[in-house]
There are 2 protein chains.
Amino acid sequence: MFNNLKTKFNQYFDRLTPFQVIVLFYASAVIVSTILVSLPFLHKEGVDLSFIDALFTAVSAVSVTGLTVVSTMDTFNTAGYFVLMFILQFGGIGVMTLGTFIWLMLGKKIGLRRRQLIKTDQNRSTFAGMVKLIKQILLIILLIELVGAIILSIYFTQYFPTTGEAIVQGMFASVSATTNAGFDITGVSLVIFENDYFVQFINMLLLTLGAIGFPVLIEIKDYLTHKQKNVIHFSLFAKLTSVTFGVLVVVGTVLIYLLDRNHFFADKSWHEAFFFSLFQSVTTRNGGLATMDVAEFSVPTLLVICILMFIGASPSSVGGGIRTTTFAISLLSVISYARGKSHVRVFRREIDPDDIFRSFIVINTAIAITGIAVILLNYFEPQFSLMQILFEACSAFGTTGLSMGITPDLHTAGKIIIITLMFIGRIGIFSFLFIIRGKGIKDKYHYPKEPMIIG
Amino acid sequence: MFNNLKTKFNQYFDRLTPFQVIVLFYASAVIVSTILVSLPFLHKEGVDLSFIDALFTAVSAVSVTGLTVVSTMDTFNTAGYFVLMFILQFGGIGVMTLGTFIWLMLGKKIGLRRRQLIKTDQNRSTFAGMVKLIKQILLIILLIELVGAIILSIYFTQYFPTTGEAIVQGMFASVSATTNAGFDITGVSLVIFENDYFVQFINMLLLTLGAIGFPVLIEIKDYLTHKQKNVIHFSLFAKLTSVTFGVLVVVGTVLIYLLDRNHFFADKSWHEAFFFSLFQSVTTRNGGLATMDVAEFSVPTLLVICILMFIGASPSSVGGGIRTTTFAISLLSVISYARGKSHVRVFRREIDPDDIFRSFIVINTAIAITGIAVILLNYFEPQFSLMQILFEACSAFGTTGLSMGITPDLHTAGKIIIITLMFIGRIGIFSFLFIIRGKGIKDKYHYPKEPMIIG
Ligand SMILES: [K+]
Ligand SMILES: [K+]
């Protein structure tokens, strides 16, 4: 009887596509996290967390977004902070990857199906060395976090009254930055460090290492540890995503400064203006930490930040959004097309037409989803301006976590919409689209083609 | 010496692509129109039209957008109205098509090159019967306008003090509706007819006939005039654009009603609500006439109208925007992809992958252009809300002409941005992209392909 049920479950499980399994795993992680953050003994005294707020916090943590309906500092006690760090870790490195690692630790063999799942989750194109890959990812991330935590904890002793508090703050800050979670237990993000360029620099470094993408980190590690540097070949992916990442940071910094130079930056010194612009640009690449109240920016700057958040981080990173490669390939395609080229070339390589097609699918589906969310948010939350709502929606879809401050005042309908955006942003557009796709549907017949008038 | 110059000019002209020639023609039409609308004897007494306002009016007329920085009624006299009607006619039917018709009338032969230009302007896929096509287009449009003018002129005698005024108003209304120009000489668009469902019905009919696309009109004409109805085969293009057109009107009507049923429609009867919703939905398909002040709508409704305006009319019609087919093909592609189909099918035909690619190019370039325009408008016109600016930008790019009322209060910078959007919206994204493209660039070598991680 029980075996029969188990077999049936396995049959059902096997009928699912890898994308559907990933969605199920993320959904399970959300359920477990919701229960965890609801546990009263993880809360500060007198805190009463409603179900929708617990769910919101759980999705925000699993998707490493960092939008919060309740103040993390005021809601959770130190034990709660550690549980939250654990959830961020789990969400950041990828539920599937970590799940597989635990599987490994328990001594189970990784079957082909399971490898395929990880491949989908991390977007890897080859099966080879999957187990090695997971170990490397974990090792690299934990190492980065450890170094970050040590540096910040020591440095924070000048900011916080006790060494214990400095260590908790340092650890949390390091994990939150590296996983690009954007959560804070200072109560005001990094605004207290608005003049401390050292803390900002360390945070930007950790944010970037988390958001640049695991494959890039591994290739850099290979390059650094290999004796003959000249034999190492960086992949097209690593080059394209890193260059896009860098260009977005630089363009973002320049635009933020230029568009607000007569407003927010009017009374700032050059180095203040530089660090505010740079940090807010880097943080849109997925961190969501902020050294200022972004609501102080003017509308054009906020719109640029919206676009940067919407683009998001590298694929196979801790971040969300449409991803840097999607943006780069779409942009390159339009430029190539306008120049009359039949192929899209970059770094002496040609982009596969299939990848171009998939980029456009991702970008347009993402725009549609975010657009519908913005309309619904405006309908259910008419008390907020279009700018506030657009900003919140882009931040949620990009799993960035920056906010103009409206999150805690959302109604339940608004919270559900933001929760949905964070979830889709994290699992990615493909997983979202493929929730409905069955296995192995093939076209068995053809219709004639007929030319069409476009545009 | 002069011959030498002429040869050089011809050589230069021959080096241009059809798209570049079309842009040049439209630009010339704008220059001529600017001069025309600046002529003092076409103005009412005491009117002083600045250069930027004359340019704005000319571009708005040539692109049949209908956004106005000055009141048409208060600026132009009756002679001015007729000149404006002529420009609308010229812009609506397509500068190139009409130019070729004049060429024909002058007894010149149409060379291959010139046929190719019309082909590009009207987006026709075959060269066959180009001259016949132009004659048909002109005949159909003029016939529709004539019938519309007669009906409206007779009917308007109850609205206007003299028969002469009724005729001028009726003619102008018919031309403005059929060419989807959206200009009015009532001073308040169609708001005076807010309870006159007959006038609204005639206007919606004229708007639809103008925006449904010339190829569709010709196929319908062929169907109606052919004796054996069953041998007539409607093209995939005609079916797809008509169905999309209809679906957009119905979905628009329903959404406008639903989103504003507790606001604008709260105190309206069912037939008022129905006609307000329906008319405002039809008018986004490119008319730009309005039976109400659209600024009275709530933000979600305004956002839906923005999207509808951005999509715009059928290709090869009097309208702008990304066009219905572009929207339909992109949407069908995403749905097919999500369902795991390798082909996009509609009406028992397959969509050419090239057309899918071109749809995505158009849609993404359009979003980029409108997005940049919105950011710049917010920068130069900070006195307006994001909603007002987004609405104005979508209206200009879609050459729709609806406005929340900010047009007359724009600074010169804002006017230039809106002028640019109207121009690009009318010439279309392809012509815009191809301004920079040279002739016959071919890729002579190949780089190896390398797989990429998307989304
Ligand atoms: K984040
Ligand atoms: K119009």
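Taken together, the values in this text are just the output of simple stated rules run on the coordinates, not laboratory data. Since this is a predicted model, take the numbers as computed values, not measurements. Virtual Cβ from ideal backbone geometry, glycine too; neighbours counted across all protein chains shown.
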extent check for region B:290-383: Cα max minus min per principal axis, descending, whole Å, gives 49, 31, 28
In whole Hz, the Karplus estimates of ³J(HN,Hα) for region B:335-348 (6.51, -1.76, 1.60; θ = phi - 60°; x where Gly or Pro) are 5, 4, 4, 4, 8, x, 7, 8, 10, 9, 10, 7, 6, 6
Label points for A:HIS263 built 7 Å along Cα→Cβ; distances to same position in the other copies, nm, shortest first, come to 2.3
Here the correct list, in nm and shortest first, of distances from A:PHE201 to the same site in the other copies, label points 7 Å along Cα→Cβ, is 7.6
In terms of the alpha carbon gyration tensor, root eigenvalues a ≥ b ≥ c, rounded if a/c is under 1.5 and otherwise prolate when a/b exceeds b/c or oblate, region A:130-200 is prolate
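Order of B:GLU272, B:GLU219 from fewest to most other C-beta atoms within 10 Å?
B:GLU272, B:GLU219
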Counting only residues 5 or more apart in sequence or on a different chain, those whose built amide H sits under 5 Å from that of A:HIS43 are A:ASN77
Mean shadow area (nm²) of the C-alpha convex hull around region A:314-356 is 3.3
Averaged over residues of A:301-313, the number of beta carbons from other chains lying within 10 Å of each residue's Cβ is 2
Taking R0 as 45 Å and r as the Cβ-Cβ distance between A:PHE274 and B:ARG345, the FRET efficiency 1/(1 + (r/R0)^6), rounded to the nearest 0.05, comes to 0.25
Note, region A:174-184: 3J(HN,Hα) by Karplus (6.51, -1.76, 1.60, θ = phi - 60°), whole Hz, Gly/Pro = x, goes 5, 5, 5, 6, 5, 7, 6, 6, x, 6, 9
Taking placed amide H atoms and a strict 5 Å upper bound, the residues 5 or more places from A:THR179 or on another chain that come that close are none
Taking every residue of A:385-396, the Cβ atoms of other protein chains inside 10 Å of its Cβ average out to 2
Karplus ³J(HN,Hα) for region B:396-409 (6.51 cos²θ - 1.76 cosθ + 1.60, θ = phi - 60°; Hz, whole; x = Gly/Pro) runs 6, 5, x, 6, 8, x, 5, 8, 8, x, 8, 3, x, 9
Among residues of chain A, the one whose beta-carbon sits nearest the axis that rotates A onto B, given with its distance in integer Å, is A:PHE360, 2
Inter-copy distances for A:TYR223, nm, shortest first, label points 7 Å along Cα→Cβ, are 6.1
Mean Cβ-within-10 Å packing, highest first, puts peptides A:321-329, B:427-435 in the order A:321-329, B:427-435
Interchain or sequence-distant (5+) residues whose placed amide H lies within less than 5 Å of the amide H of B:VAL346 are B:ILE351
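Could you work out the Kirkwood radius for region A:245-311, taking every pair of different alpha carbons, averaging 1/r and inverting it, reported in Å? Provide the component values of the computation, followed by the final result.
Details: mean 1/r = 0.0867 Å⁻¹.
Every distinct Cα pair counted, the radius reaches 11.5 Å.
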Taking R0 as 45 Å and r as the Cβ-Cβ distance between B:PHE234 and A:VAL243, the FRET efficiency 1/(1 + (r/R0)^6), rounded to the nearest 0.05, comes to 0.40
Each residue of B:335-342 has, on average, a number of other protein chain C-beta atoms within 10 Å of its C-beta equal to 6
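Between A:SER28 and A:ILE367, how high is the FRET efficiency from 1/(1 + (r/R0)^6) when r is the Cβ-Cβ distance and R₀ = 30 Å? Nearest 0.05.
So the FRET efficiency works out to roughly 0.55.
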A:MET404 neighbourhood, Cβ < 12 Å, K/R = +1, D/E = -1, net charge -4
Most exposed first, judged by fewest Cβ atoms within 10 angstrom, A:VAL191, B:VAL362 run A:VAL191, B:VAL362
By the Cα gyration tensor axes a ≥ b ≥ c (a/c under 1.5 gives rounded; else a/b larger than b/c gives prolate, otherwise oblate), the shape of region A:160-279 is oblate
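Where a ≥ b ≥ c are the square roots of the eigenvalues of the C-alpha gyration tensor, would you call region B:14-434 rounded, which needs a/c under 1.5, or, failing that, prolate if a/b is larger than b/c, or oblate?
Values: a/c = 1.26, a/b = 1.12, b/c = 1.12.
Rounded is the answer for region B:14-434, as its axis ratio a/c remains below 1.5.
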